[in-house]
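Okay, structure first, notes after.
The values are calculated or read from the model by the stated rules, or taken from the named source; none is laboratory data. All values derive from a computational prediction rather than experimental measurement. When we count neighbours, we look across all protein chains shown, and the Cβ atoms used for this are built from the backbone with ideal geometry, even at glycine. Keep in mind that these areas ignore ligands, DNA and RNA; they rest on the heavy atoms of the full protein, side chains included. Shrake-Rupley method; radii C 1.70, N 1.55, O 1.52, S 1.80 Å.
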Amino acid sequence: KTEIDTVYKFLERELGVKINPAPDEWDRLYNVDFFIEVNGKYVGIQIKPITYEQTPEIHKWKDWMKRTHEKFYEEKGGKVFVIFSVKKNGRKEIYNQEVIEEIKKEIERLKKDRNG
């Protein structure tokens, strides 16, 4: 829990937006841990420890997540971004830093797209 808090509070500062914990049903339906609301649509965020990439049969998990993330996009209007956390100097950090720019672009896209 504290590792996720560290990562998402950092993300909030970097993005300059409020990030909310996703409802339990979103976690089950869409594999989304957090969301950002933009013009009545949602950007999803999933946080995974970097060890997740070494999970056996990772391709099955990726296929399943891809489907649930596509469903989120269709139903909620925004993309889902997977953030990998890694422990560095005793604290959690975002491993795939490039995702921050991708999230910013998605927020901007949804700000411009007011009519859906």
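Scaling against 2.2 N^0.38 Å puts the C-alpha radius of gyration of the chain at 1.04. Spin-label model, residue 5/residue 62: points 7 Å from Cα along the beta carbon direction are separated by 3.3 nm.
Out of all Cα-Cα pairs in the stretch 57-111, roughly what percent, to the nearest whole number, are more than 19 Å apart? That fraction is 46 percent. Solvent-accessible area of the chain (1.4 angstrom probe, protein heavy atoms only): carbon and sulfur portion equals 48 percent. Take the Cα of residue 89, go 7 Å toward its beta carbon, and the backbone nitrogen atoms of the stretch 33-53 under 20 Å from that spot belong to 50.
Looking at the square roots a ≥ b ≥ c of the eigenvalues of the Cα gyration tensor of the stretch 1-44, which shape do they give, rounded for a/c under 1.5, prolate if a/b is larger than b/c, or oblate? It comes out oblate by the Cα gyration axes.
Using the 1.4 Å probe convention, the accessible area of the chain works out to 63 Å² per residue with neighbouring protein chains retained.
Measuring between alpha carbons in the structure, the pairs from 66/88; 87/112; 88/111; 9/111; 88/112 lying more than 30 angstrom apart are 87/112; 88/111; 88/112. A straight Cα-to-Cα reach below 17 Å connects residue 76 with the aspartates and glutamates 24, 25, 27, 33, 37, 106, 108, 113, residues fewer than 8 places away in its own chain not being considered.
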